[in-house]
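A short write-up of the structure that comes next.
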Amino acid sequence: MYQGELRQPITRLNGIGPKTSAVLSAAGILTINDILKHYPRTYENRLRQVPLSAAAERTEAVIINTQAVVLSHELFGWGPKQTLKVIVRDEAGLTASLVCFGRNFLAEKLKIDSRILLYGSFQSRYNEIQSSSFEFEPIPDIVKEAFPAPEAVSGFSKNFGRILPVYALVSGLNQNILRKACTHAIQEWAQNIENEIPETLRTENGLLSKPDAVREIHFPESEEMIEKALLSLKFEELFHFQFSALRRAYSRKNAASRLKASPSDHPQAGILEAKLLPKIGFQLTAAQQKVLGEIKYDILAEKPMSRLLQGDVGSGKTLVAFIAALSAIEEGGQAAFMAPTELLARQHAENAHKLLSPLGIKIALLTGSVKIDKRQLLLRALAAGDIDLIIGTHSLFSETVVFRNLSLIIVDEQQKFGVLQRLALSGKNSSADILLMTATPIPRTLALTVFGDMEVSVIDELPPGRIPVETHLAAIGNEKKVYEFIRRELQKGRQAYFIYPLISRSDKSSLKDAESMFKQLKDGIFSDYRVSLIHSRLDENLKKQIMDDFRDGKIDILAATSVVEVGVDVPNASCMVIEHAERFGLSALHQLRGRVGRGTHSSYAFLIYSPELTEAGTARLRIMKESTDGFLIAEQDLKIRGPGNMSGLEQSGFIPFTIADLNTDFDILKDARRAAEGLVADDPGLLKAENSCLRRLLEACPPFSDDIFGG
Ligand code: ADP
Ligand code: MG
C-alpha cells in the first residue's frame, strides 16, 4: 500500500531514539508503515472551546476545553491525606475546582494568578463545578493577551488548540510516545506515500489524496476532516479489495474462454448422467438443467472452476452436485463432497450409494467417527485412486487425506464452514474445480463483493408440486392449539419436528430444552405416538439410526435441536414446530423451516416465541411469517444484522481490513465496487497481471489466494 521505503524501521525517524523504538517494537510497531497505519481509536477535540458554563448545573460529566486563571488553593480532608483543590476562573467569570487527588505537587505548577490551558471532564457537585480528571498547560508569558484567541493556541502549544489523536495502547506505550512518533513519521515521510486511487475517482467520490488522508487521520484540522480522512482510507481499502476480485474474475473468464473444450475431446462426457437420469423418478427442473450446463462446461474447460451455487432449501442441489461429480469422474478425476455435519454427510453418502453405485461409481464416507483401521484402508484406496467420490465432514481436509487426482471439490452448506476451512480443502489441489453450495443465499450485492471473483449459479425454481410452507406465529402459552393441529397432521400419517434451543435443562435459563420436552411429548401430549430425541451429543451411529427410523416412518415426532438444521431430507415430515423461535437467527429459521415442504403435502411451520422479544427478534419473526423466499429473507437478515456478520469473513480474520468495517461501511463498499468497475471499463489493460501498480494492489489485498496454505 505504501512505497517500499515506508517498510524501513522506525529507527529511521529522526526524533525516535533507541529506547522509544524498543517500546514501539515490543508493541509490534516496527516500521514507518506500521506507525502510519496505527490509526487513532478516537480523538480529543481541543480545538473547539467549551467554557465552564457547559458543565454548570449538570450532574453528568462534560468535557471542558477552555482557558483559565488560577484564583486560589485550598486543602480539604485531614492530616496527611489532605488533598489540594485549585480554584480557577475562566473568561466568562465562572469558577471551578480542580481536585488534585494524590497530586498535591501540582500546587507548584498551578501558581496563583498563572494562566492555563485546561482540558478535562467536569461536572457539578457539592455546589461547584469540579474535575479530578484534567490536563493543563501554562500559557507562556510571551503571550500578551489575557486569554489568547483559540486559533492562536496551537502556535505555542503542542497539546492544545488542536484535535489530538487517541491511540489504542499496548503495555509500555503512552499517547505521548505515539503522538510523537506519528508526528515525525508524517513530517518526514508522508510525502513519500503514493496515491493509488486515480485523481478522477478521488474527485468523484470526495476523497483526500493519500498523504492528506494519512495526515488528517492522525492530526485532523477539523472534525469534518476526520470524516473525510476516514472515508478516503476506507474507500481505498475497499477499492483494493474490489479491484483484485475483478481481476481474478477477469483472469478466470479469459482463461476459460481460451481453453474452451471441444466436445469431441471428451467422448465419454455425459454417459453416466444419461444412465442416471431415467432412474431418479422425476425430471430435472429447468433451473437444475441450466446450472448443470454451466458447471459441466467449467469442468470440461481446463481452467479451474470457482463457482457458488445458490438454491433455496429443497431446490435439489444435491442431485446437481452428484451429476457434477459424475462429470468429473468421467474425466478421470476424483470428487470430494464435504458437508458440515456427520448426519448430513451420511445422508448424502446413502443417497450417493443408492443412485450412483449402480453406475459403477466407488463411493466412500469419511467422517470423524470412522475407526482407525477402516480409515487407513480408506485412505489407501483414496490415494490409489480406487475411490471416485468421497463424502465427508471437515475431516476430508485433514493432512492425512491424500488424493490420487482430486479434480472436483463440492462444499455443501458452505455458509457453515469458515473460509479458511474451505480453502484448506482447495489447497489439496489448487487446480481442482470448486463448487460451493448454499441455501442461505448471499444477497447479490454481497455476493458480488465478498465472492466477487466467483461465478454464481442460481437454481431459482423449486421442483414442481411443492406447496409453500404455511407459517404461523404463536406466543408461549398458546402451544395447546399448535399441538392439536399437529395431532391432526399425525392422524393423516404425516410426521413432525419439534425444535428447541437447548439440549438439556439449564439452571441458568428458563428456556425449554429438547430432553425435557421429549419426555413431556412422549409421556404426555403425544403418548399415543412414537416420539424420539436427537441432538448433537448423541453417538453418531445412534443419530444415524434415529434419522433412518424417522425417514422410514418408524418415528412420528422428532424432538431435536438445530442439529437437523441443514440438509436433512424427509419428505413425509410436514410439520415444524420451533419453540423459542426468537432464539434462532433468520437463516437458521429458514433452514429449519426448509426441513418441511419437501414433499407434495401441505406443510406447516409454527414459530413459538416468548413475550420478551427484542426489536430485532420481532422483525425476524415477522419476515419469517411473510416470506418463504430465501433471497428476500437473506436481504432482510443483512439489514437486521449487518453484512459483516453474514459473510463470516471478518470474524475469521480473513479479510485483513485495517480500517473498513463491512458492518458499517457497506455503502462505501458499493461505491468502491462501482469505481473499480468504472476504472476497468475505461482501461481493461489494468486487469492484466503485468501491470506493476496492480501487483501492489494484490500485495495489499491477499484474500482468496490458495497458496497461503502452502499448496
Ligand atoms: P437442497 O437444495 O435443499 O439440498 P435436496 O437436494 O435435498 O435440496 O432436494 C430436496 C428433495 O427434492 C430431495 O428429496 C430430492 O430428491 C428432490 N428433488 C431434487 N430435484 C428434484 C426434481 N427435479 N423434481 C422433484 N424432486 C426433486
Ligand atoms: Mg442440501
| Those aspartates and glutamates that a straight Cα-Cα span of less than 18 Å connects to residue 85, excepting residues fewer than 8 apart in one chain | 74, 108, 113, 128, 135, 137
| Selection from 232, 300, 477, by position along the positive dipole direction of the chain (Cβ) | 477
| task | Restrict the search to region 49-110; then list the chymotrypsin sites (Phe, Trp or Tyr not before Pro) that DSSP places in a loop and that have at most 13 other Cβ atoms within 10 Å of their Cβ. | result | 78, 101, 105
| request: Excluding residues on the same chain fewer than 8 positions from residue 290, give the aspartates and glutamates whose Cα lies under 15 Å from its Cα. | output: 273, 298, 455, 460, 461
| said: Taking the solvent-accessible surface of protein heavy atoms with a 1.4 Å probe, what is the per residue accessible area of the chain in Å²? | reply: 45
| query | In percent, what relative contact order does region 48-161 have, based on Cα pairs under 8 Å that are 6 or more apart in sequence? | reply | 26
| query | Within a Cβ distance under 15 Å of residue 139, other residues only, what is the Lys/Arg minus Asp/Glu net charge? | reply | -1
| message | Can you list residues from other chains, or at least 5 along the same chain, whose modelled amide H is less than 5 Å from the amide H of residue 44? | response | 164, 166
| note | Surpassing 18 Å at the alpha-carbon level, of the pairs 37/234; 158/180; 275/296; 279/543, are 279/543
| query | Can you give me the relative contact order of the chain as a percent, contacts being Cα pairs under 8 Å and 6 or more apart? | reply | 12
| remark: Reduced to Cα centres, the span from region 120-159 to region 483-522 in Å works out to 66
| Cross-link partners of residue 481 among lysines (Cα-Cα below 23 Å; sequence separation of 8 or more within a chain) | 492, 512, 519, 522, 625
| note | By accessible area (1.4 Å), largest first, 43, 297, 497 order as 297, 43, 497
| Which Rg and Dmax, in Å, describe the Cα atoms of the chain? | 32.7, 101
| Charges only on Cβ, +1 for Lys and Arg, -1 for Asp and Glu: so what's the dipole of region 503-547 about the Cα centre, in debye to the nearest 20? | 80
| field | Cα Rg, Dmax (largest Cα-Cα span) when computed across region 48-161, Å | value | 13.7, 44
| query | If you take every DSSP beta bridge whose two residues both sit in the chain, what share of them, in percent to the nearest 5, is antiparallel? | reply | 40
| query | What list of ³J(HN,Hα) values in whole Hz, one per residue of region 389-404 in order, does the Karplus curve 6.51 cos²θ - 1.76 cosθ + 1.60 (θ = phi - 60°) give from phi, with Gly and Pro shown as x? | reply | 10, 10, 10, x, 9, 4, 5, 4, 10, 6, 4, 6, 7, 10, 9, 7
| Percentage relative contact order, region 470-627, counting C-alpha pairs under 8 Å, at least six apart | 31
| query | Can you list the residues, at least 5 places off or on another chain, whose amide H is less than 5 Å from the amide H of residue 503, using H built in the peptide plane? | reply | 514
| Computed [θ] at 222 nm, deg cm²/dmol, the chain (DSSP H ≥ 4; -39,500 (n - 2.57); rounded to nearest 500) | -11000 deg cm²/dmol
| Quick one: with all protein chains in place, what share of the accessible area of the chain is carbon or sulfur, to the nearest percent (1.4 Å probe)? | 51
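The values are calculated or read from the model by the stated rules, or taken from the named source; none is laboratory data. What you are looking at is a predicted structure, and each value in this text was computed from that prediction instead of being measured. Every residue, glycine among them, receives a Cβ derived from its backbone with ideal geometry; neighbour counts consider all protein chains shown. Only protein heavy atoms, including side chains, enter the accessible area calculation; ligands, DNA and RNA are left aside. Shrake-Rupley method; radii C 1.70, N 1.55, O 1.52, S 1.80 Å.
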